[in-house]
Each structure stands twice: as structure tokens, then as C-alpha cells.
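The values are calculated or read from the model by the stated rules, or taken from the named source; none is laboratory data. Keep in mind it's a predicted model, so treat the numbers as computed, not measured. For neighbour counting, all protein chains shown are included, and Cβ atoms are generated from backbone atoms with ideal geometry for every residue, glycine included. Surface areas here come from the heavy atoms of the whole protein model, side chains and all, with no ligands, DNA or RNA. Shrake-Rupley method; radii C 1.70, N 1.55, O 1.52, S 1.80 Å.
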Amino acid sequence: SEQEAAEELIPFAQQTALDNKVTYRMQMFGFGYGAPVALTSSMADVNSMSSASVPNLMSRQAYWYKNNCITQSTCINDQATEFKAMFNSMYSIIPTPGTGATASDPQAVVFIITDGMSDESLNGSRNNRELRDSHLTQCSNIKAKGIRIAILYTEYLPESLTGDSWSQSNVAPHLSKIEPALKACASAKADGTPLYYKVTTDQSIPQALSALFSLTVASAHLTR
């Protein structure tokens, strides 16, 4: 699960930092409806963290007033996966990074764990699709700022829509478009392939996130 992945990433990052004789700093956010929520209070040296630093992610989810309504007065028709707000916030929150050549000039990477399906209002219309061109422009703006994007895709499988006629009609036909869009959003490694990893049913999300972290660290070392 995402909870286990976040918990296991911390000791993995600590060991990787020790092996590479560098410092890694980390902050965790959750995104859904509205701006991302900080799950850890600040950007902290991973050596000052532990698996217990990760809050209970289930308990941090919003409790909705009723179906379709996040509060009594805010009804959003379940449009609660807002990539637009998340990308805007990450662009603003993360300062312009450096080259990573010194501790005072760090690189920056945003890791995104997602099933890749947006569900939000874009230009007044509901978007329950893969990342659209406007999202990819946001990705490009983040990367142009010098922030790299690494994406872990928790594959959205057609079987998860069984028995849901609305999703079968409105979501299922677009599932094949998710992966290409996520790869387009992700930063490129030195060989041109994306900083991207996919995990599907019966595969380990914690192992996949650690593998993506390793790919990103290796790419950072090569480009320093």
C-alpha cells in the first residue's frame, strides 16, 4: 500500500544517503480535492525521520458530508482528484533548485504516486480522463523550473470498474491513455527514458517506490 511504501522509503533513503555520502531531505503531501495537504510538517533530513514519521494516511482522508458533497455546502459530484491544483501548488511550494553540486545548492524532485486518472473541473467541464494537454503544460513548467518529476503509476485496471456502469462508459475507454500521459509528464533520464515506474496487482508498491527512488538518485548522480 501507499502507507507501507512511504514508511519503507525512509530507511531505504537513509541507507542510500549513507552509501552515496550525501544528504536527502523529504516532505510528504497528499492530494485530492483542493490544494495538496502537507502530511509531514517540513522538508526534513531523512536521517531525522523514521517510518513512524509517516502519519496514518487513511485517517488523513477527508470525511465527506454525503455522497457527492465534501461538506454540506460544497457538492462537487465526486470530482476529487485535482491534478491542476496539485501541480500549481508543487510549482509554488518547491523553491528553484540547484545543481546538487553542494549541500547549499540541492536538486529537487517531486515523486508522484498515482493511478493517473484525473477527476476535476477543467475550463468549466468535468475531466475524468488521463492527464490532458493543460496538465502536461504544468508538468513542463515544473520541469522548466529545474524540478524533476518522478512518477509511480499504480495501474488503473479495467477489472476495478466491474459492476459500475457509469465508469464502464466514461472511464474504461480511456484507461489505455493513462500511461503515455504520465510518461510525458515525467522527467527524462540521461538515456531519454522517463523517470517512471509502474506497479500492478500483486506487485509491491513499497519495492516499486524504492526502485523509482534508486532510478532518480542514479540519474541525479549522473547529471550533477
Grab the strands (runs of 3 or more DSSP E) fully contained in the stretch 59-165, keeping just those with 2 or more residues being within 28 Å of GLN203 (Cβ to Cβ) and either touching a residue at least 60 places away in the same chain (Cβ under 8 Å) or open to solvent by 80 Å² or more (accessible area, probe 1.4 Å) (or both).
109-114, 148-154
So which pairs qualify, if the first residue must be in the stretch 181-205 and within 13 Å of ILE113 (Cβ to Cβ) and open to solvent by 10 Å² or more (accessible area, probe 1.4 Å), the second must be assigned to a helix (DSSP H, G or I) and modelled with pLDDT under 90, the Cβ gap must be under 7 Å, and the two must be at least 6 apart or on different chains?
ILE205/GLU2
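For the stretch 176-194, name all the residues that are of a type in the set (A, V, I, L, M) and at pLDDT 95 or above.
ILE178, ALA181, LEU182, ALA184, ALA186
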Criterion violated by GLU4 - all others in (1) assigned to a loop (DSSP other than H, G, I, E, B); (2) surrounded by fewer than 17 Cβ atoms within 10 Å (Cβ to Cβ); (3) in contact (Cβ under 8 Å) with a residue 40 or more places away in the chain satisfied:
(1)
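Is there a residue being aliphatic (A, V, I, L, M) and in a helix (DSSP H, G or I) anywhere in the stretch 188-204?
No, every residue in the stretch 188-204 fails to be aliphatic (A, V, I, L, M) and in a helix (DSSP H, G or I).
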When the stretch 13-36 is checked residue by residue, the ones that are touching a residue at least 24 places away in the same chain (Cβ under 8 Å), outside any strand (DSSP E or B), open to solvent by 60 Å² or more (accessible area, probe 1.4 Å) and within 24 Å of GLY98 (Cα to Cα) are ASN20, THR23
Does LEU39 satisfy the criteria of being surrounded by 12 or more Cβ atoms within 10 Å (Cβ to Cβ) and under 27 Å from VAL171 (Cα atoms)?
no
